[in-house]
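Only one structure is covered here, and it is reproduced in the block below.
Computed from the coordinates by the stated procedures, all read-outs in this text should not be read as laboratory data. For clarity, every value in this text was computed on a predicted model and none was experimentally measured. Here the Cβ positions follow ideal geometry from the backbone for every residue, glycine too, while neighbour counts run over all protein chains shown.
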Amino acid sequence: MSIRHLDRLFEPRSVAIIGASRRPGRLGTTVLDNMAGSGFAGALWPVNPKYDTLLGIPCHARVAALPAAPDLAVICTPPETVPGLVAELGARGTRAAIVLTALPPQLRTAMLKAARPHLLRILGPGGIGLIGPAAGVNASVAHTGARTGRTAFVSQSGMLMTAVLDWARQHQIGFSRVVSVGEGGDVDVADLLDWLAGDADTQAIVLHIESIGGTRNGARKFMSAARIAARGKPVVVLKSGRGDGREDLVVDAAIRRAGMLRVYSSADLFDAVQTVARARPLGGERLAVVSNAASLGLLATDALAWTGGQLAPLSPATLRALKPVAAEGVAAANPLDIGARADTAGHVAAVRALLDEPQADALLLVHVPTPAAGSSDVARALAPLVRAARQTVLSCWLGGDEAADARAVFADAGLATYDTPEKAVRAFRQIVQYRRNQALLIEVPAGVPAAGEAERAAARAIVAAARHAGRATLDDGECASVLSAYGVQGGVQCGGQCDGQSGLPSGEPAAGEAPLLRIAVHTDPVFGPALEFGLGGAAGRVARDRAAGLPPLNMVLARDIVARTRAGAALGGTEAVCRALVQVADLVTDLADVVELELDPVQVVAAGDPRGATLAALGARIVLGPPRPESALAIRPYPQALAETVDWQGAPLVLRPIRPEDAPAHVRFFAALDPEDVRLRFFSALRELPPAQLARLTQIDYDRAMAFIATRPGADGTAETLGVVRAVADPDERRAEFAIVVRSDLKGKGLGVILFRKLVDYFRARGTGSLTGDALAENVGVQKLVRRFGGTVQPGNEPGTVALVVPLHGNSS
């Protein structure tokens, strides 16, 4: 639905427990005990006609008897009472409820219907509730509470939530919010991601999901929320119920596309909780290892090698510093063995030297207690040094009680610690993979020539004719024409008749030849169209070498898909395959009747330069079905229909949505702005756009945001950006926050009015309530523009600023 009223859920000023009790085993008994013992500073109102007081708190007979509408109601009563209570609470003014009672489908539907007129948000039904330690809220039936921390944990499994709470208490891990989603009838995972993305108390999010979707646009809603959350905070995901291999490939593709990190077991999830809570950002992927036992260091490096990790090379200066502390008869190296005779001072010297090594991006300490150095003493000596380090430092303390004491010292200091070297290495690799996923979000993609409108129209006509004839598949010639229209190089050489009938290759290629490939599209029941890439021909059917991606794609995303396969590793980086993936994604995005597509086998035809290579699709199949709605795509594609050409200054000017490929032109546009215009737009004197900010400006989620640029060919024929206007809508579509800037040498020529009118018309058409913005009070140009479109200018929340509001109703200028 939205994030509306979720503040009442997480930070209520009053809580009513309906069905509060003292009878053992009742939901209302546990919730009342938890709330009464959580330090809640607001009003707590038990509701049950059988009691006058509970735990010394006045008890109210019914909702109508409450002194006021509670911000949050926790409903623990029998199923048949829930819809009526929700209706009564909504009419009273309550805007958030947790329904702990499990409901059959008909009562669940009645409950949601009762809540809808009042915009009353419901967490559940079912599940075990919600814990917010900082707010003193424990509106749950969990058997234990949670320490205050900066990590949010959201789970679709109540039992896993209780297990995580147990584990976290044992390891001194705290949480900002802990949420059991239950059935997610109203407040779902996407809503929670949206809210937590803007929660100042939350620095990282750990997510357990069993399913995605459940609503008409469930996958798109999830992807939009996940992409927004993961751009600002680490998000770790455990997906249970892996399904078949193809389904799991698509889930993995969605998680990567959003910039989140996936783990594959509950053990890894537990470790990921402290990893995301305590790790520092990585500058690279090189690990240094130090241990007081050579065999333990080797276990760590074996685990690193097994996962494809890198040991940090050590500089001559570091090697000299380590020589005095290396074990007797052992050369200083990585991994470093300081030996069983190393005392506490030796451990400190070794760690200090490795923390000074510029080529080491992270450090792993593996320690076993010895007579020379007890674990507790070493941990206490190292904790201040490690806390001040720039790198992520992971530690593994092996042994019994003494190792447990050392882990507790590090945990109390907010430092990551693990009980085996392999777990510590897995944690490091999780951080590395998260870094890679985030890097995909900011890498600037190269452009791929898009199909022209004439070619697209021809392809649509072929598909329409086949559908009109009642055919569910295209013939060989039609497949070739459709693929050619979207620029897939090489076309189709033999249709579906390659295996053993045409004399063309269908098995393993000859020595030295590129492998045969497979490019395919299928329709996932949750995420809609999904692409697959991997080995083709007979080898592909045996090896099952596959990676998946969600359309639309660009060259950066396509390279990531190819790199995740054995076939990609054997290709040696040819661009032709990546271009073909982008073009096939474009095809399936554009042709809503295509439900399945397969190119298998596909041969790379070398042309000397890998960039000049082409593809020969030796077998092709395109299956048609009922046209899918655009909303079936998990990620909204580039809205080409919003592009238009207008006359400006006696010459054509193109207004269109921004694309990731516009990043180089955007850099040039920024460089052409006067420093004063930069200060007025960004509230600071930026000299250049950092890569992450450039990515945020050019790689937008068209389902939540829009940025229109004005562009024309420059003197050298390259398109130049003249101005940009953008806005990001909140999940409720109540408002969209806008910004606008025009190239400094073009100000005062009406370009800002043209761009702003385009933005106003777009957000009015999608039903957004208003455009809002903040500006420096001295920025009179944007204030004049806002007033021209019927908006208002008021003093801002910060000194020297103004608040701008343009209601999106009535006629614009």
Exercise. Could I have the simple spin-label model distance between Arg246 and Arg734, label points 7 Å from Cα toward Cβ, reported in nm to one decimal?
Key: 4.3
Quiz item: According to a simple spin-label model (label point 7 Å from Cα along Cα-to-Cβ), what is the distance in nm between Asp475 and Asp761?
Solution: 4.4
Exercise. Nearest 5 is fine: what % of DSSP beta bridges in the chain come out antiparallel, could you say?
Key: 55
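Please compute the contact order of the chain in relative form: average sequence separation of alpha-carbon pairs under 8 Å and at least six residues apart, divided by the residue count, as a percent.
With pairs under 8 Å counted, the relative contact order is 7 percent.
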Quiz prompt | Residue-averaged 222 nm ellipticity for the chain, from DSSP H runs of 4+ at -39500 (n - 2.57), nearest 500 | solution = -11000 deg cm²/dmol
Quiz item: Among residues other than Leu553 whose Cβ falls under 11 Å from its Cβ, what is the net charge (Lys/Arg +1, Asp/Glu -1)?
Solution: +1
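By how many nm would the segment from Val667 to His143 grow when fully extended, if each residue of separation counts as 0.36 nm and the alpha-carbon distance is taken off?
Details: separation 524, 0.36 × 524 = 188.64 nm, distance 5.44 nm.
Fully extending the segment from Val667 to His143 adds 183.2 nm.
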Exercise. Among (1) 14, 42, 33, 10, 0; (2) 13, 35, 31, 17, 5, 0; (3) 14, 38, 38, 10, 0, find the value of P(r) over Cα pairs in 20 Å bins from 0, in percent that was calculated from the structure presented, and write down its label.
Key: (3)
Quiz item: Which stretch or stretches of region 733-753 have amide N atoms under 20 Å from the point lying 7 Å from Gln649's Cα along the Cα→Cβ direction?
Solution: 740-753
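Counting only DSSP beta bridges with both residues in region 279-442, what percent are antiparallel, rounded to the nearest 5?
Given both bridge residues lie in region 279-442, the antiparallel proportion sits at roughly 5 percent.
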Exercise. List the residues of region 346-367 whose backbone N lies under 20 Å from a point placed 7 Å from the Cα of Gln310 along the Cα-to-Cβ direction.
Key: 354-365
Quiz item: Listed highest first by mean packing, meaning other Cβ atoms within 10 Å per residue, what order do 148-155, 281-288 come in?
Solution: 148-155, 281-288
Quiz item: So, in nm, how far is label Ala163 from label Arg436 when the simple model puts each one 7 Å beyond its Cα toward the Cβ?
Solution: 2.7
Self-check item: Packing-based order for 304-310, 619-625, using average beta carbon neighbours within 10 Å, highest first
Solution: 619-625, 304-310
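Please compute the net charge surrounding Tyr486, taking Lys and Arg as +1 and Asp and Glu as -1 over other residues with Cβ under 15 Å from its Cβ. Display every interim value, and only then the final one.
Details: positive: Arg456, Arg460, Arg579; negative: Glu453, Glu455, Glu478, Asp586, Asp590, Asp593.
Its environment carries a net charge of -3.
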Self-check item: Protection-proxy order for peptides 528-537, 8-17, each taking the mean of Cβ atoms within 10 Å per residue, highest first
Solution: 528-537, 8-17
Exercise. Can you figure out the FRET efficiency of Thr420 with Ser211, using R₀ = 30 Å and their beta-carbon distance, to the nearest 0.05?
Key: 0.40
Quiz item: With a ≥ b ≥ c the root eigenvalues of the C-alpha gyration tensor of region 143-234, is it rounded (a/c under 1.5), prolate (a/b larger than b/c) or oblate?
Solution: oblate
Quiz prompt | Amide H partners (placed H, <5 Å) of Glu720, local residues excluded | solution = Arg712, Gly714
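Just the ratio, please: alpha-carbon radius of gyration of region 168-286 over 2.2 N^0.38 Å, N its number of residues.
Values: Rg = 14.3 Å, N = 119, 2.2 N^0.38 = 13.5 Å.
After normalising by residue count via 2.2 N^0.38 Å, the value is 1.06.
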Quiz item: Do the alpha carbons of any pairs in Lys113/Lys221; Lys233/Lys747; Lys233/Lys784; Lys221/Lys758 sit beyond 27 Å of each other, and which pairs?
Solution: Lys233/Lys747; Lys233/Lys784
Quiz item: Pulled fully out, how much extra length does the chain show between Val805 and Ser265, if you take 0.36 nm times their separation in residues and subtract their Cα-Cα distance?
Solution: 189.6 nm
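For region 640-807, go through all pairs of different Cα atoms, get the mean of 1/r, take its inverse, and jot down that Kirkwood value in Å.
Numbers: mean 1/r = 0.0612 Å⁻¹.
After inverting the pairwise mean of 1/r, the radius is 16.3 Å.
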Quiz item: Which FRET efficiency value, to the nearest 0.05, is calculated for Arg712 and Ser631 with the Förster distance at 35 angstrom and r the Cβ-Cβ distance?
Solution: 0.60
Quiz item: Per the Debye formula with a single identical scatterer at each Cα and no solvent contribution, what log10 I(q)/I(0) holds for region 279-442 at q = 0.13 Å⁻¹?
Solution: -0.54
Exercise. Using a Förster distance of 41 angstrom, determine the FRET efficiency expected from the C-beta separation of Val623 and Ala102, and round it to 0.05.
Key: 0.50
